[in-house]
1. How many of the residues making up the stretch 57-68 are modelled with pLDDT of 95 or more and either in a helix (DSSP H, G or I) or small (Gly, Ala, Ser) (or both)?
2. Just to verify a result, which residue in the stretch 1-25, among those that are surrounded by fewer than 19 Cβ atoms within 10 Å (Cβ to Cβ) and of a type in the set (S, T, N, Q), is farthest from Trp84 (Cα to Cα)?
3. Scan the stretch 1-49 for residues that are within 19 Å of Ala61 (Cα to Cα), without any contact (Cβ under 8 Å) to a residue 24 or more places away in the chain and assigned to a loop (DSSP other than H, G, I, E, B) and jot them down.
4. Would you confirm whether any residue within the stretch 41-53 is touching a strand residue (DSSP E or B) at 6+ places or on another chain (Cβ under 8 Å), modelled with pLDDT of 90 or more and of a type in the set (Ser, Thr, Tyr)?
5. Whether any residue in the stretch 26-35 is over 14 Å from Ala73 (Cβ atoms) and surrounded by 18 or more Cβ atoms within 10 Å (Cβ to Cβ) is what I want to check.
6. Residues in the stretch 70-86: is at least one outside any helix (DSSP H, G or I), surrounded by 18 or more Cβ atoms within 10 Å (Cβ to Cβ) and in contact with a Ser or Thr (Cβ under 8 Å, 6 or more places away or on another chain)?
Amino acid sequence: MTPTLYLCVNRRTGAGSCSSAGAHKVMAALQAEIDARALSWEIRLSPCLGHCAVGPNIKAAPGGPMLHGCSDAQQVMATLLREWRQT
C-alpha cells in the first residue's frame, strides 16, 4: 500500500475547522516537502477526522500517527519521519 496522508479539509460554519485553519496551504507546503525528499507518499483530501478545534488534522496510513495542529509542514514532516515506520 502506498503511504498516504489523509488531510482533513472540512469546513464548518460558525466553528473552528481544518479548512479555516489553513489546511489547503499546509497541503501545498507538505507536497513540496514530500517532493524535495523524493518520497512516494500521497496526500489525499479527507472529510472530517474529528478534533476540529485543533486542526488541521492529518492521519498517516497505513498504521501511522494522527497529527493535530498541522500548520507547519516542516514540523509535520519531521514528526512523520521520526514516528512513522514504512515497510
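The values are calculated or read from the model by the stated rules, or taken from the named source; none is laboratory data. It should be emphasised that the depicted structure is a prediction, and the values quoted were computed from it without experimental measurement. Neighbour counts are summed over all protein chains in view; Cβ atoms, including those assigned to glycine, are modelled from backbone coordinates with ideal geometry.
1. Selection size over the stretch 57-68: 2.
2. Thr13
3. Correct list: Ala38 only.
4. Yes, the conditions are met somewhere in the stretch 41-53.
5. No.
6. First pass over the stretch 70-86, keeping only residues outside any helix (DSSP H, G or I): 70-72, 84-86.
Filter again for surrounded by 18 or more Cβ atoms within 10 Å (Cβ to Cβ), leaving 70.
Then drop every residue that is not in contact with a Ser or Thr (Cβ under 8 Å, 6 or more places away or on another chain), which leaves none.
Checked the stretch 70-86: no residue is outside any helix (DSSP H, G or I), surrounded by 18 or more Cβ atoms within 10 Å (Cβ to Cβ) and in contact with a Ser or Thr (Cβ under 8 Å, 6 or more places away or on another chain).
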